[in-house]
Amino acid sequence: MDGTSTPTGIPQSDGLKVADVLDCIRDIPLYRPALDLDAFPILEKPAMAQGFPENWMTPRLAAALAAGEAEYVWSTGTHHARMQLIRPPYFLLRSYYRLWSEHPDLAKTWAGGCRRVSLTTVLATEHVARVNARRKGTEPVATPTLEDRRLDERTMYLNLRLDPGQWDRADVERMLAEIREVSEAHPDGDYHLDCSGYHLAHLARRAEEFGLWSPETFPRPASVVTAYEYTPANVRRYLAERFGVPVIDLFGSTELGYLYYSDRDGRYHPYLDRMGIELVPVAPGSGIHSLIVTSIRNPYMPLVRYRSGDCVRTSDGSADPAKVVAFCGREKELLETPHGPVAQADLDDRVAAVAPEVFLYRLETHGGPGSAALLRYTTFDGRPPAEGRDAALAAAVTALTGRPSSTEHTAHLPIGASGKYAWLATADSREPTAADPRGGGA
């Protein structure tokens, strides 16, 4: 599982053999230059998209598309330009279900037949509604019903609004009523709550605010899984305390499926069926590594030495994929500092250590190294933090970034047009807000 490199550059591991990779890609036009040289450079997203879909087309793929065994889909575009992909129908869902069925803390709920309630971006909900409308030969409706939002007999989606910070009482009452419907359909009242950690924290806060937090109104899930984006330590702790069940993290992507999972104690474990992993330092001497993935799990778009754009840290700073202990954000969202690049998880560690009441935060920098930084943040209860916390937060940010820093408590931070929050805002890499037309889709 150590991702041992071979002369071709393709990693070989327990779950992946070079001969199988070569056999899978032999007829794909994209890989012909590398096959001719018997050496594979790191595959970047622009190279995947250039000449699409002809650069991936083989007789086998053309036949699969014609038969409905493969389909075109789009990546979310949350952290990069949206990218068209080809994969088997329900590729990501099947990866999720297999992992759920085998996970040491989740397998019991899978075997017990409990259903999955998914609370994440409205773009994901809209995607499911489009899929269902296409099945029926109709157009998606503006406000999808619960039936429109059922992905299959086991999974349904809740969210109908872009910014969860703007959910009102009617939104919360509807979502809780739908959760109760799912819970009551199970003999033990069990259901599996799959979420973006931010969205579930918003729902819990609103339920408390509106007096809807009782188990009768908001049935407690049998399990909580965060599977859509980075979950800050304060948010994870808040969810574990409120719901009283382990908060499990699954890491994957639209194009890859799931690669790692955490256990109830927060330790990560590889889940690399037909995959190999390489870790490449993002800068010389950096403990942050870029995740490079070789995968033949998707037979129609196998990826060889693909840069996923995600960053990880290992327990000893080495490039051993078996020692991954943290997924720390996106490579495009690294902040350069006098001490080297800083990732979202680095700031998150400082915030969690100093101010456990902080919920959302965004670091704003609008100049070069040495210019000022502003940490804007909200709190779980909406009140300003305990005395002295602002000064401690500012000092922590200054020590991390090398920039003179200040803080600002606010009641609301806008979400991005992708339906996800950005931890970093700079003059040239601003995350589009909900009103900004640069945002992506599902």
Query raised in the report: Among the residues of segment 194-244, which ones are under 20 Å from R180 (Cα atoms) and basic (K, R)?
Result: R205, R206, R220, R242
**Report entry** Meets criteria (of a type in the set (A, V, I, L, M), assigned to a helix (DSSP H, G or I) and not assigned by TED's automatic domain parsing to the domain that holds M175) for L61
**Finding:** yes
Report task. Return the pairs, sorted by first residue and then second, in which the second residue is of a type in the set (F, W, Y) and assigned to a strand (DSSP E or B), the first residue lies in segment 308-322 and is under 10 Å from I292 (Cα atoms), the beta carbons are less than 8 Å apart, and the residues are 6+ apart or on different chains. Result -> D310/F251; D310/F327; C311/F327
Query raised in the report: Any idea which residue in segment 354-366 is surrounded by the fewest Cβ atoms within 10 Å (Cβ to Cβ), counting only those that are out of contact with any Ser or Thr (no Cβ under 9 Å at 6 or more places or on another chain) and touching a residue at least 60 places away in the same chain (Cβ under 8 Å)?
Result: P356
Query - Hits in segment 367-382 (condition: modelled with pLDDT of 95 or more and either over 29 Å from the mean Cα position of the chain (by Cα) or hydroxyl-bearing (S, T, Y) (or both)) - result: A372, Y377, T378, T379
Query - Counted residues, segment 264-289 - those being in contact with a helix residue (DSSP H, G or I) (Cβ under 7 Å, 6 or more places away or on another chain) and under 25 Å from I248 (Cβ atoms) - result: 4
Report task. Evaluate the following for L239: is it farther than 26 Å from V293 by Cβ and either in contact with a Leu (Cβ under 7 Å, 6 or more places away or on another chain) or among the small types (G, A, S) (or both)? Result -> yes
Query raised in the report: Just to be sure, is E333 within 22 Å of the chain's Cα centre (by Cα) and modelled with pLDDT under 95?
Result: yes
**Report entry** Single match in A142, A64, A49, A81 (criterion: at pLDDT 95 or above and farther than 30 Å from P187 by Cβ)
**Finding:** A64
Report summary line: Only one of (1) in contact with a Leu (Cβ under 9 Å, 6 or more places away or on another chain); (2) buried (at least 18 other Cβ atoms within 10 Å of the Cβ) does not apply to R389, and that is (1)
Query raised in the report: Would it be correct to say that V225 is under 30 Å from R307 (Cβ atoms) and β-branched (V, I, T)?
Result: yes
Query raised in the report: If we keep just the residues of segment 339-366 that are over 23 Å from G309 (Cα atoms) and in a loop (DSSP other than H, G, I, E, B), which is farthest from the chain's Cα centre (by Cα)?
Result: H366
Report task. Would you check if there is a residue in segment 125-146 being closer than 24 Å to G211 by Cα, within 24 Å of the chain's Cα centre (by Cα) and in contact (Cβ under 8 Å) with a residue 60 or more places away in the chain? Result -> no
Query raised in the report: With (1) more than 29 Å from A201 (Cβ to Cβ); (2) touching a strand residue (DSSP E or B) at 6+ places or on another chain (Cβ under 9 Å) as the list, and Q50 as the residue in question, which single condition is left unmet?
Result: (2)
Requested in this report: Could you please let me know if L239 is under 20 Å from the mean Cα position of the chain (by Cα), closer than 18 Å to L106 by Cα and either in the same structural domain as L176 (by TED's automatic domain parsing) or not in a loop (DSSP other than H, G, I, E, B) (or both)?
Outcome: yes
Query - Among the candidates S308, S318, residue that is farther than 25 Å from Q166 by Cβ and not in a strand (DSSP E or B) - result: S318
Query raised in the report: Identify, please: which residue in segment 334-346 is among the aliphatic types (A, V, I, L, M) and in contact with a Gly (Cβ under 9 Å, 6 or more places away or on another chain) and is, among those, surrounded by the fewest Cβ atoms within 10 Å (Cβ to Cβ)?
Result: A345
Query raised in the report: Hey, F52 hits all of (1) outside any loop (DSSP other than H, G, I, E, B); (2) surrounded by 15 or more Cβ atoms within 10 Å (Cβ to Cβ) but one; which does it fall short on?
Result: (1)
Query raised in the report: Does segment 191-211 include one or more residues that are in a loop (DSSP other than H, G, I, E, B) and either in contact with a helix residue (DSSP H, G or I) (Cβ under 6 Å, 6 or more places away or on another chain) or in the same structural domain as A417 (by TED's automatic domain parsing) (or both)?
Result: yes
Query raised in the report: For segment 374-394, how many residues are over 23 Å from L239 (Cβ atoms) and in contact with a Ser or Thr (Cβ under 8 Å, 6 or more places away or on another chain)?
Result: 3
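The values are calculated or read from the model by the stated rules, or taken from the named source; none is laboratory data. The model shown is predicted, which means the values in this text are computed figures rather than measured ones. Here Cβ is always computed from backbone atoms with ideal geometry, including for glycine, and neighbour counts include all displayed protein chains.
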